There are 2 protein chains.
Amino acid sequence: MKKRLGPVERLFPMPCALVVGGTLEYADTLAVAWINIVSSTPPTVAMGLRESRNTLDLIRRSGTFTVNIPPASLAAEVDFCGTTPGAKRDKFRATGLTLVPGALTATPLIEQCPFNLECKVTDEVEVGSYRVVIGEIVEAHADTEVLRDEGGDIVEMAALDPLVYIAGAREYWRLGGKVADAYSIGKTIENAE
Amino acid sequence: MKKRLGPVERLFPMPCALVVGGTLEYADTLAVAWINIVSSTPPTVAMGLRESRNTLDLIRRSGTFTVNIPPASLAAEVDFCGTTPGAKRDKFRATGLTLVPGALTATPLIEQCPFNLECKVTDEVEVGSYRVVIGEIVEAHADTEVLRDEGGDIVEMAALDPLVYIAGAREYWRLGGKVADAYSIGKTIENAE
């Protein structure tokens, strides 16, 4: 039986990215679960940020940001970055997370996150007291240890072990195992017809 | 060591929702991994759809859509809905998925998905050959079997077992287990300072 819950802002599961704004000289970061890809031509991400965020100010100033995918082992560091106002604290000093230069923008990457995107802001949409920041992905980076083949670009989930955010319950989870191959398992229905 | 991958449209993990457009009389659905919450005031989702999608036409006609979170056990049905052009096939008949009325919009919910959102379109943003559809969540529904407490609104992940999409590798995964409590584990860093 279905029960009505009212208009709750939930969807399962969510990623849990560390978004960085600023430069190597002065950067800030916050944990963003409300982020995803929205286009492949051009490759583009969209994320919802509260208007009051210090990192949003930095993103507007440079027009760039990076998206850094932390492993589940960094749950405490990510939680700290998501719950601490960045204008008041140096989150990098507190957590031990370190920054390394990107390739195509002035905004740095988080070294301890094995997958990183460099983005340039292309649009900002007002939604109530939030801003949807839309950014074109200009470069992606991965630690060679999480790549399936050294020459390829496929990230192996068992190696990346990305942190997952669960809304409502307010929990961090990790991924379990592979269920099926996409663009393939559906053929069992196609063929059964 | 970090390796540059070029501007790939990836982020880990992604949900794997079935988005429905239309009415009980004529509906279509497609699998959407590029979707997430972007605001809580008002509760809002954003998703990236290819301009050519039949479901996008239906969404534009009514100004409404539903987001339905399938369990991992429906991987084949979801894959079929994501890879079959809906203008040519009745995906509901082919998969056995059934529709039930929503509460506040004319667009139905997928009965076999234990969590559902009813949304009203508030904006559409052009991003290359994609459209970012932004919709306010006007109601959420959950099967009572996936709720932590019958009187509450917290969805239990072990019961929901949501399907997860892995970009690049093109795989479906499921969630593993809880890593930590959010808004809590970060205090270990706060207190260590």
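Read-outs throughout are calculated quantities, based only on the coordinates presented, and are distinct from any laboratory measurement. Everything numeric in this text was worked out from a predicted model, so none of it was measured. Cβ coordinates were reconstructed from backbone atoms using ideal geometry, including for glycine residues, and neighbour counts include every protein chain displayed.
Side notes on the structure shown:
- Separation of the A:ASP90 and A:LYS187 label points, Cα + 7 Å toward Cβ, nm: 5.6
- Dipole moment magnitude, nearest 20 debye, the stretch B:14-192 about Cα centre, only Lys, Arg, Asp, Glu C-beta charged: 640
- Per the Debye calculation on the protein assembly as shown with a single equal scatterer at every Cα and no solvent contribution, log₁₀ I(q)/I(0) for q = 0.09, 0.15 Å⁻¹ amounts to -0.47, -1.39.
- 10 Å Cβ neighbours from other chains, averaged over peptide B:124-130: 6
- Sequence-distant aspartates and glutamates (8 or more away, or on other chains) whose Cα lies within less than 12 Å of A:LYS88: A:ASP28
- For B:LYS178, the lysines whose Cα comes closer than 26 Å to its Cα, not counting residues fewer than 8 places off in the same chain, are A:LYS2, A:LYS3, A:LYS91, A:LYS178, B:LYS187.
- Kirkwood-based shape ratio for chain B, expressed as Rg/Rh from alpha carbons: 0.99
- Dipole of the protein assembly as shown [Lys/Arg +1, Asp/Glu -1 at C-beta], most positive-end residue of A:TRP34, B:ASN191, A:LEU163: A:TRP34
- Cα-centre dipole for the protein assembly as shown with unit charges at Cβ (Lys and Arg positive, Asp and Glu negative), debye to 20: 220
- Each Cα pair under 8 Å and six or more residues apart adds its sequence gap; the mean of these over the residue count of chain A is a relative contact order of 23 percent.
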